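Novice: Submitted below is the structure of interest, expressed as structure tokens.
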Amino acid sequence: MTHSLPVHTPPSPKHLVLLFHGVGALPQNMVTLGQTIAEADPQAAVISVASPDPSETGGGFQWFPVRGVTEDDRPARVAAAMPGFVACVQAWQAKTGVDAHATTLIGFSQGAIMALESTQLPETIAARVISLSGRFAAPPRVVPACPIHLIHGDADPIIAAAHAQRAYDDLMALGAHVTLDILPGLTHTIDSAATRLVLGYLKRSAA
């Protein structure tokens, strides 16, 4: 929690929105999105969470190491990092007094991978997951206990939109509550269209 940035912390929050950065990034990278969320929902505590692990590539943080990562060993790397991720979520829930039933996880890139994979744990740690330019480390095995919203650009050169489509198809086959938005022309970033989608899903969950 040391490097995390509380974007908005009302005295008695009704909701908790946790933002998770990508690899080699800083919590500051998610602050603009966090401020927009806070303006739309002043009753939400909004935190841009820093990974506990410095990036091995220099500068910023990482949720799991990516040097030499392959499709085969990515799931093991994510699994090894998951206890630290869950600890971050639960620490902010304890600090804000907001439990899992009123918590939304919003991850970008590697942060989205962690948020999505957390839905495969036996314990539910959030009521909603929004993935921005993310993917599952491995195909989902169980039905997530919470809705999942996948937002991805069709011009993403880092994590191809095909991963989001595959996640959507797999989750639908499991009977999950999932949505998919593929944004034309969007690369590996968060633009105004993606932000509007995030706000729409948060508004729907708060209704």
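Novice: Of the residues ALA87, ALA94, ALA45, ALA76, which single one is surrounded by 14 or more Cβ atoms within 10 Å (Cβ to Cβ) and not acidic (Asp, Glu)? Please lay out each step first, then the result.
Specialist: On the way: ALA87 fails: surrounded by 14 or more Cβ atoms within 10 Å (Cβ to Cβ); ALA94 fails: surrounded by 14 or more Cβ atoms within 10 Å (Cβ to Cβ); ALA76 fails: surrounded by 14 or more Cβ atoms within 10 Å (Cβ to Cβ).
ALA45 is the lone residue from the list that is surrounded by 14 or more Cβ atoms within 10 Å (Cβ to Cβ) and not acidic (Asp, Glu).
Novice: Oh, and also: Go through the residues of segment 77-90 one by one and say whether even a single one is more than 20 Å from GLN120 (Cα to Cα), without any contact (Cβ under 8 Å) to a residue 12 or more places away in the chain and in a helix (DSSP H, G or I). Before the answer, list the steps.
Specialist: Let us first name the residues in segment 77-90 that are more than 20 Å from GLN120 (Cα to Cα), namely none.
No: zero hits.
Novice: Could you please find all residues in segment 174-206 being of a type in the set (Gly, Ala, Ser) and closer than 18 Å to VAL129 by Cβ? Quick ask: steps written out before the conclusion?
Specialist: In the first step, residues of segment 174-206 are kept if they are of a type in the set (Gly, Ala, Ser); the result is 175-176, 185, 192-194, 200, 205-206.
Result: GLY175, ALA176, ALA194, GLY200, SER205, ALA206.
Novice: Please tell me if ASP156 is surrounded by 16 or more Cβ atoms within 10 Å (Cβ to Cβ) and closer than 24 Å to VAL31 by Cβ.
Specialist: Working: surrounded by 16 or more Cβ atoms within 10 Å (Cβ to Cβ): yes; closer than 24 Å to VAL31 by Cβ: yes.
Yes, satisfied.
Novice: Quick check on my filter: what residues within segment 184-207 are out of contact with any helix residue (DSSP H, G or I) (no Cβ under 7 Å at 6 or more places or on another chain), more than 14 Å from ILE148 (Cα to Cα) and hydrophobic (A, V, I, L, M, F, W, C)?
Specialist: Scanning segment 184-207 gives ALA193, ALA194, ALA206, ALA207.
Novice: Residue under question is ILE151, and the condition is that it be touching a Ser or Thr at 6+ places or on another chain (Cβ under 6 Å) and either part of a helix (DSSP H, G or I) or among the β-branched types (Val, Ile, Thr) (or both); does it hold?
Specialist: Values: touching a Ser or Thr at 6+ places or on another chain (Cβ under 6 Å): no; either part of a helix (DSSP H, G or I) or among the β-branched types (Val, Ile, Thr) (or both): yes.
Judged against the criteria, ILE151 is not a match.
Novice: With respect to the numbered conditions (1) open to solvent by less than 70 Å² (accessible area, probe 1.4 Å); (2) in contact with a strand residue (DSSP E or B) (Cβ under 8 Å, 6 or more places away or on another chain); (3) not aromatic (Phe, Trp, Tyr), which one is the sole condition not fulfilled by THR36?
Specialist: Against the list (1) open to solvent by less than 70 Å² (accessible area, probe 1.4 Å); (2) in contact with a strand residue (DSSP E or B) (Cβ under 8 Å, 6 or more places away or on another chain); (3) not aromatic (Phe, Trp, Tyr), THR36 comes up short only on (2).
Novice: Can you tell me which of SER12, SER4, SER51 is among the polar types (S, T, N, Q) and within 26 Å of ALA138 (Cα to Cα)? Working first, answer last.
Specialist: Working: SER12 fails: within 26 Å of ALA138 (Cα to Cα); SER4 fails: within 26 Å of ALA138 (Cα to Cα).
Testing whether each residue is among the polar types (S, T, N, Q) and within 26 Å of ALA138 (Cα to Cα) leaves just SER51.
Novice: For ARG135, indicate whether it is closer than 24 Å to PRO65 by Cα, touching a helix residue (DSSP H, G or I) at 6+ places or on another chain (Cβ under 6 Å), of a type in the set (Lys, Arg) and part of a loop (DSSP other than H, G, I, E, B). Show your work before the answer.
Specialist: On the way: closer than 24 Å to PRO65 by Cα: yes; touching a helix residue (DSSP H, G or I) at 6+ places or on another chain (Cβ under 6 Å): yes; of a type in the set (Lys, Arg): yes; part of a loop (DSSP other than H, G, I, E, B): yes.
The answer is yes for ARG135.
Novice: Would you be able to tell me the number of residues in segment 108-125 that are within 18 Å of HIS177 (Cα to Cα) and either in contact (Cβ under 8 Å) with a residue 60 or more places away in the chain or in contact with an Asp or Glu (Cβ under 6 Å, 6 or more places away or on another chain) (or both)?
Specialist: Of the residues in that region, 2 qualify.
Novice: A further question on this structure: Among the residues in segment 124-137, are any open to solvent by 50 Å² or more (accessible area, probe 1.4 Å) and over 16 Å from the mean Cα position of the chain (by Cα)? It would help to see each step written out before you state the result.
Specialist: Start the filter on segment 124-137 by keeping residues that are open to solvent by 50 Å² or more (accessible area, probe 1.4 Å), which leaves 124.
Subset that is over 16 Å from the mean Cα position of the chain (by Cα): none.
No: zero hits.
Novice: Does any residue of segment 167-188 turn out to be open to solvent by less than 20 Å² (accessible area, probe 1.4 Å) and among the aromatic types (Phe, Trp, Tyr)?
Specialist: The initial filter retains those residues of segment 167-188 that are open to solvent by less than 20 Å² (accessible area, probe 1.4 Å), namely 167, 171, 176, 178, 186.
Applying the additional criterion that residues be among the aromatic types (Phe, Trp, Tyr) yields none.
Taking every residue of segment 167-188 in turn, none turns out to be open to solvent by less than 20 Å² (accessible area, probe 1.4 Å) and among the aromatic types (Phe, Trp, Tyr).
Novice: Check segment 66-73 and report whether any residue there is crowded, with 16+ Cβ neighbours inside 10 Å and not aliphatic (A, V, I, L, M).
Specialist: Among the residues of segment 66-73, not one is crowded, with 16+ Cβ neighbours inside 10 Å and not aliphatic (A, V, I, L, M), which makes the answer no.
Novice: Which of (1) surrounded by fewer than 20 Cβ atoms within 10 Å (Cβ to Cβ); (2) more than 22 Å from LYS203 (Cβ to Cβ) is the odd one out, the single condition GLN110 does not satisfy?
Specialist: (1)
Novice: Which residues, counting only those in segment 33-72, are at pLDDT 95 or above and either within 15 Å of the chain's Cα centre (by Cα) or within 21 Å of THR119 (Cβ to Cβ) (or both)?
Specialist: First, the residues of segment 33-72 that are at pLDDT 95 or above: 33-49.
Once the filter is applied, which keeps residues that are at pLDDT 95 or above and either within 15 Å of the chain's Cα centre (by Cα) or within 21 Å of THR119 (Cβ to Cβ) (or both), segment 33-72 yields LEU33, GLY34, ILE37, ALA44, VAL46, ILE47, SER48, VAL49.
The values are calculated or read from the model by the stated rules, or taken from the named source; none is laboratory data. It should be emphasised that the depicted structure is a prediction, and the values quoted were computed from it without experimental measurement. All Cβ positions, glycine included, derive from the backbone under ideal geometry; neighbour counts span all protein chains shown. For accessibility, only protein heavy atoms count, side chains too; no ligands or nucleic acids. Shrake-Rupley method; radii C 1.70, N 1.55, O 1.52, S 1.80 Å.
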